[in-house]
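Structure, as structure tokens:
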Amino acid sequence: MTDFKPNPNPSIEFTKIFINNEWYNSVSGKKFPVINPSNEKVIANVAEGDKADIDKAVAAAREAFSRGSLWRQMDASARGIIINKLADLLDKNVNELASIQSIENGKPFLNSVDEVVRSSKLLRYFAGCADKIHGSTLPADGDVFAMTRKEPVGVVGSIIPWNYPITMVGMKIGPALATGCTMVMKPAEQTPLTALYIANLAKEAGLPKGVLNVVPGYGNTAGSALAEHPDVNKIAFTGSVGIGKKIIEASAKSNLKRVTLELGGKSPLVVMNDADLELAATYTSLAFLNAGQICLAPTRVYVQSGVYDKFLDMIVKRATSLKVGGPFESDSFYGSQIDDRIFKRVMSYIELGKKEGAKLETGGHRHGNLGFFVQPTIFSNVKDNMTIAKEEIFGPVQSLLKFDTLEEVIKRANNTTYGLVAGVFTKNIDQALEFSKAVEAGTVWVNQWFNMSAQTPFGGYKQSGIGREIGIESLDHYMEVKTINIKLPSNH
């Protein structure tokens with residue numbers, strides 16, 4: 001790994017559509033601007049893909065997946081070697097990749113470095129999985145030899161969000177390539193530059209033509225075309241609940257393609273009376289990481305009545321000490337919202353919180369005059385029926401709610417349409433286990449938060465998603481299981 005050296009003015013080389021390991025202008029000739037949310041300046045103009053470009057990319061991916069193609073004939077271990085080479089190239093180019101992400105996303109440079117490192121680890125995990133995928137022999141009835149074979153599902157369409165774009169690239173292409181699928185990726189229109197950069201690295205790593213294709217564009221054109229395409233066998237999507245539902249509808253109307261969805265969250269963090277309050281306060285402040293633009297942020301903080309006032313004072317002091325700033329300013333804890341639309345949305349939720357009777361303890365205003373920055377904001381005296389306690393804000397806004405008993409807080413924590421993650425802080429193992437069993441969430445943390453690794457499945461209950469990403473279980477979403485029965489010779 002190289003030393004981490006930020007570059008506030010990285011070279012932007014890749015702004016076209018990537019198909020068959022080549023760069024193309026969009027069929028329409030259109031381009032769209034990528035805006036730096038920290039200073040509201042245009043970074044680059046990128047080729048705007050739409051249905052025609054998606055058609056070309058899917059055709060390339062279908063050809064690369066066809067019987068007899070280089071990719072289909074390649075040994076599984078050889079696929080793993082290529083994925084590992086891509087991980088090596090991410091590590092080698094960490095400074096440039098992190099710098100590009102920081103200017104297109106607005107997050108602090110070292111946070112972007114963490115993403116490159118995390119994506120590299122994800123790729124290495126899936127590289128190791130590539131030659132360990134196998135079926136079973138089955139004790140079927142009758143004179144037969146029965147076995148199963150796991151085969152790649154085909155062409156995968158991946159639609160990734162703007163909040164963690166580099167991580168999402170690793171999370172999506174890792175299992176797809178490990179299982180032998182091919183892919184068309186549509187990055188978020190706010191952050192296409194990192195995906196295009198990684199596409200070029202994939203070519204350098206030795207990925208055959210057509211295996212990975214990247215089409216930047218807007219969701220209602222390029223994204224919709226990918227979701228509806230009859231030659232796409234699976235969609236892997238991370239984003240909002242509303243768009244997730246539209247993708248399911250598109251699948252039903254086209255070819256019943258497989259769908260995995262990682263959607264929103266309104267995650268409860270529970271602090272019991274016996275908790276280590278300093279530890280809990282440290283993790284609670286992570287709600288402001290990435291400017292609150294993260295689906296698993298602890299935005300609903302339930303604090304038991306015996307420590308409520310003390311804990312409120314602790315987290316307010318922590319929030320007011322956090323530095324909000326540009327991506328290359330030293331010690332910035334978080335940066336800007338991604339764009340003006342999200343900024344205005346966050347500010348409208350803050351006003352709604354005040355209007356509905358929550359007490360604004362700190363923040364609540366714009367930070368600075370340039371860029372889309374919001375102060376770290378904490379509301380106390382929040383009730384479960386308030387909008388800020390029910391809806392995903394996707395900004396640096398946290399709600400504090402008081403409770404008395406474990407059974408009460410379990411019921412209230414589950415009273416949501418979401419079920420992505422949850423956490424509890426307590427020194428009582430019985431309380432920790434009871435909460436972990438009862439809470440309706442795909443991931444439960446005890447005395448910690450945000451602890452994720454390539455080995456642990458990630459996904460949600462209820463409207464937080466369908467299926468799981470990362471972990472060995474995620475591979476099943478990219479494969480078909482084929483049963484083969486062979487009649488044995490008669491014993492007579």
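Summary of computed values
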quantity: Residue-by-residue Karplus 3J(HN,Hα) for the range 191-206, coefficients 6.51, -1.76, 1.60, Hz, glycine and proline x; calculated: 9, x, 5, 6, 4, 5, 4, 5, 4, 5, 5, 5, 5, 4, 6, x
quantity: Cα long-axis angle, helix 109-129 against the chain (0 to 90 degrees, to the nearest 10); calculated: 40 degrees
quantity: All lysines inside 23 Å of Lys107 as judged from Cα atoms, apart from same-chain residues fewer than 8 positions distant; calculated: Lys5, Lys41, Lys92, Lys121, Lys172, Lys186, Lys266, Lys317, Lys323, Lys344
quantity: Dipole of the chain [Lys/Arg +1, Asp/Glu -1 at C-beta], most positive-end residue of Ile378, Ile43, Leu277; calculated: Ile43
quantity: Total charge dipole magnitude, the range 200-271, about the Cα centre, Cβ charges on Lys, Arg, Asp, Glu only, Debye to nearest 20; calculated: 120 debye
quantity: Between the range 250-322 and the range 23-38, the Cα center-to-center distance that results, in Å; calculated: 35 Å
quantity: Given charges at beta-carbon only (K, R positive; D, E negative), |dipole| of the chain in Debye; calculated: 720 debye
quantity: Relative contact order (percent, whole number), the range 156-254, Cα cutoff 8 Å, 6+ residue spacing; calculated: 34 percent
quantity: Normalised alpha carbon radius of gyration of the range 84-136 [divisor 2.2 N^0.38 Å]; calculated: 1.40
quantity: Principal axis box of the range 331-484, alpha-carbon based, largest edge first, Å; calculated: 64, 39, 31
quantity: Stokes-Einstein D (µm²/s) once Rh is taken as the Kirkwood radius of the range 46-205 over alpha-carbon pairs, at 25 °C in 0.890 mPa s; calculated: 145 µm²/s
quantity: Ratio Rg/Rh [Cα only; Rh per Kirkwood] for the range 270-309; calculated: 1.01
quantity: Under-5 Å amide H pairs with Gly135, H placed in peptide plane, nonlocal only; calculated: Lys150
quantity: Under the Karplus curve 6.51 cos²θ - 1.76 cosθ + 1.60, θ = phi - 60°, whole-Hz ³J(HN,Hα) for the range 80-96, x wherever Gly or Pro sits; calculated: x, 5, 5, 5, 5, 5, 4, 4, 4, 6, 4, 4, 5, 9, 4, 5, 5
quantity: Within the accessible area of the chain (1.4 Å probe), percent carbon and sulfur; calculated: 51 percent
quantity: Cα-based Kirkwood hydrodynamic radius, the range 393-492, one decimal, Å; calculated: 16.7 Å
quantity: Distance histogram for the chain (every C-alpha pair counted, 10 angstrom bins, percent rounded to whole numbers); calculated: 4, 19, 28, 25, 15, 6, 2, 0, 0
quantity: Fraction of beta bridges assigned by DSSP in the chain that are antiparallel (%, nearest 5); calculated: 40 percent
quantity: Counting all C-alpha pairs of the range 199-316, share separated by more than 25 Å (%); calculated: 50 percent
quantity: Cα-based Rg / Dmax (Å) for the range 344-387; calculated: 10.9, 34
quantity: Lys, Arg +1 and Asp, Glu -1 on Cβ, resulting dipole of the range 63-210 about Cα centre, debye, nearest 20; calculated: 100 debye
quantity: Radius, Kirkwood style, for the range 1-94 when every pair of distinct Cα atoms is counted (Å); calculated: 16.5 Å
quantity: Vicinal HN-Hα couplings computed from phi for the range 266-282 (Karplus, 6.51 cos²θ - 1.76 cosθ + 1.60; Hz; Gly/Pro x); calculated: 9, 7, x, 10, 10, 10, 7, 4, 8, 5, 6, 5, 5, 5, 4, 5, 4
quantity: Per residue, in Å², the accessible surface of the chain once ligands and nucleic acids are set aside, probe 1.4 Å; calculated: 41 Å²
quantity: Other-chain or far-sequence residues with amide H under 5 Å of Ala188's (modelled H); calculated: Ile160
quantity: Peptide ranges 222-232, 41-51, 72-82 listed from the most packed, as the mean C-beta count within 10 angstrom indicates; calculated: 222-232, 41-51, 72-82
quantity: Interatomic Cα distance distribution for the range 15-64, bins of 10 angstrom, percent; calculated: 26, 43, 22, 8, 0
quantity: Farthest toward positive dipole pole in the chain [+1 Lys/Arg, -1 Asp/Glu at C-beta], among Ala205, Gly217, Gln463; calculated: Gly217
quantity: Protein-only accessible surface order, largest first, of Met452, Met171 at 1.4 Å; calculated: Met452, Met171
quantity: Shape of the range 140-258, Cα gyration tensor, a/c cut at 1.5; calculated: oblate
quantity: Debye equation applied to the C-alpha atoms of the range 240-280, log10 I(q)/I(0) at 0.22, 0.29 Å⁻¹; calculated: -0.74, -0.97
quantity: Proximal aspartates and glutamates relative to Lys245, as straight alpha-carbon distance under 19 Å, when same-chain residues fewer than 8 apart are discounted; calculated: Glu228, Glu262, Glu391, Glu392, Glu469
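The values are calculated or read from the model by the stated rules, or taken from the named source; none is laboratory data. Only a predicted model underlies this, so the values are computations on that prediction, with no experimental measurement involved. Cβ: placed from backbone, ideal geometry, glycine included. Neighbour counts: every protein chain shown. To get the accessible areas, we keep the full protein, side chains included, count just its heavy atoms, and leave off ligands, DNA and RNA. Shrake-Rupley method; radii C 1.70, N 1.55, O 1.52, S 1.80 Å.
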